[in-house]
Structures are given as C-alpha cells and as structure tokens.
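Notes follow once the structure below has been shown.
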Amino acid sequence: MRKLFILTLVALLLGVGVVAVIETDPGYILVTYGNYTLETSLWVGLLLILLMTLLIYALVRLVNKLIAGQHSLTSWFGDRKAQRASRATTRGLINFMEGNWSHAQRQLLRGTRDNDAPLANYLLAARASYRLNDPDKVSEYLEAAGTSESEAETAVAVTRAELQLQAGENEQAVSSLAAVRKDAGRHPYVLELLYQAYHNLQDWENLAGLLPELKKHGILPEAELKRLE
C-alpha cells in the first residue's frame, strides 16, 4: 500500500512538472511537404511521434505473430499427417504378423502417405500381396520400394528372391540375386539364398563354385559343407 502511494505521488509530480514545462514553452514544429503543411506544438508533435512509433511496433508484432502462427499451423498439419501414417503402418504390421494379408496390405499402403521412409511398408505390402496370390502387385510394390530408397537394391532383390524361392521359381531367384552377389561380403544372406536356389535346381557346377564363399562366411554347418564337397 505504501509503495502504491509513493508511485502515485511520483506520477502526479511528474505530471505537474510536464504540464508546467508545456505551459512555460510549448515549442513549435512546422513540417512541409509539397503543398502540404503541418503546424503543431513541440509536445503534441512528440506525442504524435510516440504514438506512430507504438503503432508501427504493434503492426510489426502482429505480422510476426501471423507468420509464426502460419508456420505453427503448417507444422501441426504435417505432424498430424505423419502421425496418421505411423498409426496406419503400425496397424499394417499387426495385421501382417497376424496373417490378415488383405488388411495388412491396405494399411501398409496407407502408411506410405506422408511417410519419409516408406521402404518397409512397400516390402511388407509385397509379401502380403504374395500371400494373396497377386504377382502383379508384388512386382508393383517391389518397384515402388526400390524407387523410394536408392540404397535398397539388396533389400528389394532379397525380398524378390525369397518370394520366388517360395513359389518354386528357382531360376528367377538366381537372376534376382545376380545383381547383388557382388555385395555378398556385406550381405551373406544373399549367398544362403543362392545356395538354396542352386540346390533346388541341382546345379552342382554353380554350387561347387559357391562353396568357397559359403565356407568363408560360415553360411552352412561344417558337416553340410563336407557333404556338399
């Protein structure tokens, strides 16, 4: 209460002082521009300048808030879309693991929208399409997977070869793996799939040529390697 009284008193004294100064010498401002002339006292001019400054400041703040609000709104919509894609992907994975192939395919594809990394969605959608006996969709989704990620060549080739082996298409599996065999040192599973394809085809010549790499990377148990030799 005492502080409020002191502040009020100081404000009154300052007001009285300002009024006294204005009455003593109000000053004079003359502004001309072309045919226009503005005349006013110094203190009124200073008050107008102060009001204009405050108005400009308020406009700048308003514009900044509008721009920030637009960015926030855009970010909010982006986050919402990403969340929907994530939920769809999760539901697709659950349906895939439960063997609900049709639901899994639909949800996984829905999860590719507004998804920065849709590779896994397309690969699993291809596997679900294989279960639905839809080879055209298998090819379509594998192509989409390769397009979505430039470094997914091996992942796409392995998925394609696995599905071909399951369908008994051993020669096609060998062709699918041929392009990525050069990276077998980094991806030994490619050698395992090639072993399965050659073994199913009873292609002993190519299988014999594969034995050194199978040994080097420990793909097969020692007993199986000796039997093959």
- So what does residue 136 come to for accessible area, using a 1.4 Å probe and Å² rounded to 10? 120 Å²
- Given a 1.4 Å probe and the protein chains all in place, what does the accessible area of residue 94 round to, in Å² to the nearest 10? 90 Å²
- Task: Kindly sort 187, 103 by accessible area of their heavy atoms, largest first, with the probe set to 1.4 Å.
- Result: 103, 187
- Would you mind calculating the gained length between residue 97 and residue 140 on full extension (0.36 nm times residue separation, minus the Cα-Cα distance), in nm to one decimal? 13.3 nm
- Note on the structure: Order by accessible surface, 1.4 Å probe, largest leading, for residues 8, 32 comes to 32, 8
- For residue 215, list the lysines whose Cα falls under 17 Å from its own Cα; do not include residues on the same chain fewer than 8 positions away. 182, 226
- Message: I'd like the FRET efficiency for residue 133 and residue 228, computed as 1/(1 + (r/R0)^6) with the beta carbon distance as r and R0 of 35 Å, rounded to 0.05.
- Response: 0.55
- To the nearest 10 square angstrom, how much accessible area does residue 37 have with a 1.4 angstrom probe? 90 Å²
- Note on the structure: Within the under-13-Å Cβ sphere about residue 135, not counting residue 135, Lys/Arg +1 and Asp/Glu -1 give a net charge of -1
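The values are calculated or read from the model by the stated rules, or taken from the named source; none is laboratory data. Worth saying up front: this structure is predicted, and the values here are computed from it rather than measured. Cβ sites come from the backbone with ideal geometry, for glycine too, and all protein chains shown count toward neighbours. Accessible surface is based on the protein model in full, side chains and every heavy atom, while ligands, DNA and RNA are left aside. Shrake-Rupley method; radii C 1.70, N 1.55, O 1.52, S 1.80 Å.
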